[in-house]
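The values are calculated or read from the model by the stated rules, or taken from the named source; none is laboratory data. Owing to the predicted nature of the structure, the values given are computational and were not obtained by experimental measurement. With ideal geometry, Cβ positions are generated from the backbone for all residues, glycine too; neighbour counts draw on all protein chains shown.
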Amino acid sequence: MYLDNASTTKLDPQVLDTMIEFMKSEYGNPSSMSYPQSISAKEYLKSSRMRVANLINCEEDEIIFTSGATESNNFIIKGVARKLKHKGNHIITTKIEHKAVLEVCKYLNEYHNFEITYLDVDSNGNINLKEFEQSIKENTILVSIMWANNEIGNLNPIREISSICKEHNILFHTDATQALGKIKINTKDINIDFMSASAHKIYGPKGIGFAYIKNDELDLKDDETTPLPLLHGGEQEENLRAGTHSMHNIVGFAKACEIAQNDMDTYVLKLKTLEDKLIKQLKNNIDNIIFNGDLKNKVPGIINISIPNIENGLLIKALSHKYSLSAGSACTLGKPSYVLKAIGKENISSNTLRISLSKFSDETVFNLAKDLKEYIIKFS
């Protein structure tokens, strides 16, 4: 049973069928001159961009296709930093961001003398909005705070954060990788300047994602705040992301977004129902179980638990014939969780499991509670 969906998800069969049919007949380059194959590719690119944009209610030209959220985070943060360094060198983020944000900030600090403020979080992974606003300085140019945490699943108050950024005339970026397809995202309703996401978290293909760059009354893309390209060498993606389009992945991503938009209400309700029942089962079977993060204000499907005195590596290996589980983020494999350290639970990091469900999960997941109990009894 696959329970590591926060790491990556199974490709939706409809997405796979769409990609296969596309690759059977379509091979044109949308950047080529106007002959039948390139014209067809251009049409697929345009319609795919529209489907992705529809999921977050933005304009088509606000979507820049990338290889995934890691590239998008790098592109946006480095691009804004280089473009606006003449205005300031201060960036605000949190201690529990994805490595693709934290390592970029570390790089900017060490090699380009940027000042980085890493906001503390409480025991549920939430920032203090008052402390956040107090951390803003005259030289602050960018705030980067994730929408939903990839280890404990807590949701940040994006609307409030974006409002504070707007009041102080500071650009705001959010990594929405874990939120996309799990909660409604409406960029027309919330002031977000930049957003990152990957297809493979919403049952789409690996190797494709987007960077959302907001158009506003100042025409951001033609303004001095436009991020500098991470990749040079072509005029693709409005001169912001060079390279031949990965059309089969783009088409697959678009189909995954279309499915999410149409089916999200149904499968999110299913996820919440399974999660609530699984939490009850875990509580009933394991006396000393600890639940990490906020069990109420969170994305559905991510459950982070700690079982004192049970080493997670041995547990994952012992149950690997029945369950695919993880100890946390795939990007920090083999290292103690810095997320748990930030929420004051570093001492139980080696006893922690992340269980992440998907729309393909069913009630057989409840067997996990019983199997965990049997393992504890056997090896305690």
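Numbers for the structure displayed
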quantity: Hits in region 134-159 - residues which are surrounded by 16 or more Cβ atoms within 10 Å (Cβ to Cβ) and more than 27 Å from N292 (Cβ to Cβ); calculated: I136, T140, I141, L142
quantity: Test for G313: is it surrounded by fewer than 16 Cβ atoms within 10 Å (Cβ to Cβ), of a type in the set (G, A, S) and closer than 30 Å to G68 by Cβ; calculated: yes
quantity: Number of positions in region 1-32 that are of a type outside the set (A, V, I, L, M) and either under 27 Å from the mean Cα position of the chain (by Cα) or not in a loop (DSSP other than H, G, I, E, B) (or both); calculated: 16
quantity: Qualifying residue in region 171-192 (condition: within 22 Å of K78 (Cα to Cα), small (G, A, S) and touching a Gly at 6+ places or on another chain (Cβ under 9 Å)); calculated: no
quantity: Residues located in region 353-380, provided they are more than 19 Å from T8 (Cα to Cα) and either in contact with a Lys or Arg (Cβ under 9 Å, 6 or more places away or on another chain) or free of Cβ contacts under 8 Å to residues at least 40 places away in the same chain (or both); calculated: E363, F366, N367, L368, A369, D371, E374, I377, K378
quantity: Residue among I305, I316 that is in a strand (DSSP E or B), without any contact (Cβ under 8 Å) to a residue 60 or more places away in the chain and touching a Phe, Trp or Tyr at 6+ places or on another chain (Cβ under 9 Å); calculated: I305
quantity: Scan of region 268-292 for residues that are at pLDDT below 95 and either among the charged types (D, E, K, R) or touching a strand residue (DSSP E or B) at 6+ places or on another chain (Cβ under 8 Å) (or both), ordered by number; calculated: D287
quantity: Some residue of region 283-301 being within 12 Å of L3 (Cβ to Cβ) and either touching a Leu at 6+ places or on another chain (Cβ under 9 Å) or not in a loop (DSSP other than H, G, I, E, B) (or both); calculated: yes
quantity: Condition broken by T9, with the remaining ones in (1) of a type outside the set (A, V, I, L, M); (2) buried (at least 20 other Cβ atoms within 10 Å of the Cβ); (3) under 26 Å from K188 (Cβ atoms) satisfied; calculated: (3)
quantity: Matching entry among N124, N73, N57 (being surrounded by fewer than 24 Cβ atoms within 10 Å (Cβ to Cβ), touching a residue at least 40 places away in the same chain (Cβ under 8 Å) and within 13 Å of M195 (Cβ to Cβ)); calculated: N57
quantity: Hits in region 332-380 (condition: hydrophobic (A, V, I, L, M, F, W, C) and either in a helix (DSSP H, G or I) or touching a Cys at 6+ places or on another chain (Cβ under 8 Å) (or both)); calculated: V339, L340, A342, I348, V365, F366, L368, A369, L372, I376, I377, F379
quantity: Any hit, region 189-197, residues being in contact (Cβ under 8 Å) with a residue 12 or more places away in the chain, under 17 Å from S358 (Cβ atoms) and buried (at least 24 other Cβ atoms within 10 Å of the Cβ); calculated: yes
quantity: Test: residue in region 90-111 that is at positive phi and either touching a residue at least 24 places away in the same chain (Cβ under 8 Å) or outside the structural domain of S198 (by TED's automatic domain parsing) (or both); calculated: no
quantity: Failed condition for V299, given (1) among the hydrophobic types (A, V, I, L, M, F, W, C); (2) crowded, with 16+ Cβ neighbours inside 10 Å; (3) under 22 Å from S123 (Cα atoms); (4) over 19 Å from the mean Cα position of the chain (by Cα); calculated: (4)
quantity: Filter result for A6 (at pLDDT 95 or above, in contact with a helix residue (DSSP H, G or I) (Cβ under 7 Å, 6 or more places away or on another chain) and either under 18 Å from M146 (Cα atoms) or of a type in the set (A, V, I, L, M) (or both)); calculated: no
quantity: Considering residues of region 100-115 that are of a type outside the set (A, V, I, L, M) and buried (at least 17 other Cβ atoms within 10 Å of the Cβ) only, the residue farthest from the chain's Cα centre (by Cα); calculated: F114
quantity: All positions within region 233-265 that are more than 18 Å from I213 (Cα to Cα) and in a loop (DSSP other than H, G, I, E, B); calculated: G233, G234, G243, T244, H245, S246
